[in-house]
1. Among the residues of the range 54-76, are any in contact with a Phe, Trp or Tyr (Cβ under 8 Å, 6 or more places away or on another chain), in a strand (DSSP E or B) and either at pLDDT 80 or above or among the polar types (S, T, N, Q) (or both)?
2. Quick check on A44: is it part of a loop (DSSP other than H, G, I, E, B) and modelled with pLDDT of 80 or more?
3. Identify, by number, the condition in (1) in a helix (DSSP H, G or I); (2) modelled with pLDDT under 85; (3) among the hydroxyl-bearing types (S, T, Y) that S36 doesn't meet.
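The values are calculated or read from the model by the stated rules, or taken from the named source; none is laboratory data. Computed from a predicted structure; not experimentally measured. FYI the Cβ positions are ideal-geometry reconstructions off the backbone, even for glycines, and counts take in every protein chain you see.
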Amino acid sequence: MNLAGGSVDAKAVQYLREVMPAAESLGFLVNPTGASPHSDAFAAARQLRWEFKLFEASTDDGLKTAFASMAKQKLGAVNFRSQGRVARRAERQVQITMSEVHRADQETTA
């Protein structure tokens, strides 16, 4: 599927779908004090038959709450749009979460 002419957000959603084809849902993390996700991202998620959930965080505590909620809802993929410290913290949280998931997968297959 090609979303030619779509926004950067829509293309990011398409890319996630290509690398995570089995995922059933997508979380989109945004900083409510910054730029909002473009409506093209929501349209792309619908077009790609993905359940799409929006999460907001602008503080460290907000990130912890958002990631806890994402884990509880067992999202298949996460994209985020933020800048500065919140973006760096979100990237770090994604790395930690992914390494924990990988470790758990290795333990169950061992």
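1. Yes: the range 54-76 contains one or more residues that are in contact with a Phe, Trp or Tyr (Cβ under 8 Å, 6 or more places away or on another chain), in a strand (DSSP E or B) and either at pLDDT 80 or above or among the polar types (S, T, N, Q) (or both).
2. no
3. (1)
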